[in-house]
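> Take this structure, written in structure tokens, and hold onto it; I'll ask about it next.
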Amino acid sequence: MKSDSTAPAPSARELWLIILPTSLLFVLFHFWGNRSNVAMESSSLFRWIGSQWINPGGDFSHGWMMPLISIGIVWMHRRELASAPRYQDGRGLILVILSLALHWAALRAQQPRVSLVALATLLWSVPFYLYGWPLARWLLFPCGYVLLSFTSYILVAFAFPLRIMASALSTVILNGLGIAAVRNGTIIHSAAGGAFSFNVADPCSGLRSLAAMTALAAPYAYFTQRSLPRKWMLFAFAIPLAMLANAARIVTIAIVAELFGQDAAMSLYHDYSGYLVFFLATLLMIGAGALLHINLTELLQRWKKNFSPNI
């Protein structure tokens, strides 16, 4: 037999253990995936989530890319997956049963978003049961990222609190910059000469920035950070960063209105400032990731060596 450094090719049995569960999951969630407004939508859960993603101006129109990124990560780790020890794990079977029960309850309650959670957990728990933890741990992030793509829509429930926070924070920053502003709910007024008065509506709530930043931060943290705590720290950092970026956008719109009038601020600049602010937020996230790479113990030792007095 010829030795090779590459991963061994899967046997016929292993191929069937991949093809059969995948086919069963596809059939289940395609034909019995959705019972919410089937006449107007579809019984397919895949078509249902696809309809949520294809809205060009939607807050989650980037969602279709996230499962593709997960597939790419699985492909990158194909050698580790192929060489991982294999054994059946009863804990995975328990998760499979619970996930199927969750999907059944979601069908009864006509809650396709809950069925999406069940689908994401099944994508991980089925390999966990069939192949064991050594293989399942490599699938933990890809399946978790798929779950994030399915559950980001939960953020819609926070749209109004985000509007309140964005308008309040923007008003504080404007006053700190010397531009007198007052807030009435989600409406920001100029307190000086009436240069601007605009409502922080749902599209400006920061929901889109938050969804996009978390979608970007998760794989960036996964690939760039060495330890699990630092991965989670960088991912969590995306949340306040997205909120600050959105407040910065609102502030700059007010500044443009103060200088050139509200019509100028609410037309071209309003439409394209989001891209600029998101780019700056991405640079800040990259900078935060670089800071997390710093070895604080080594940095302290260098500081003592260079600055401590010689006795």
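Derivation of every value follows stated rules applied to the coordinates shown; laboratory data play no part. These figures come from a predicted structure and were not determined experimentally.
> Rounded to whole Å, give me the distance from the Cα center of segment 146-184 to that of segment 234-285.
Cα centroid of segment 146-184 versus Cα centroid of segment 234-285: 12 Å apart.
> For helix 296-307, what angle does its Cα long axis make with the longest principal axis of the chain, in degrees from 0 to 90 and rounded to 10?
Here the helix axis deviates by roughly 50 degrees.
> How many percent of the alpha carbon pairs in segment 85-142 exceed a separation of 19 Å?
Numbers: 500 of 1653 pairs.
More than 19 Å apart: 30 percent of the Cα pairs in segment 85-142.
> Sticking with this one: For segment 114-190, which semi-axes, largest first and in whole Å, follow from the square roots of 5 times the eigenvalues of its Cα gyration tensor? Walk me through the numbers on the way to the answer.
Numbers: eigenvalues 421, 37, 6 Å².
That gives 46, 14, 5 Å for the three semi-axes.
> On to the next question. Tell me what the chain gives for mean residue ellipticity at 222 nm when only DSSP H runs of n ≥ 4 count, each as -39,500 (n - 2.57), the sum divided by the residue total, rounded to 500 deg cm²/dmol.
It lands at -23000 deg cm²/dmol.
> While we're on this one: Tell me the Kirkwood radius of segment 158-298: reciprocal of the mean inverse pair distance over distinct alpha-carbon atoms, in Å.
Computed over segment 158-298, the radius equals 16.0 Å.
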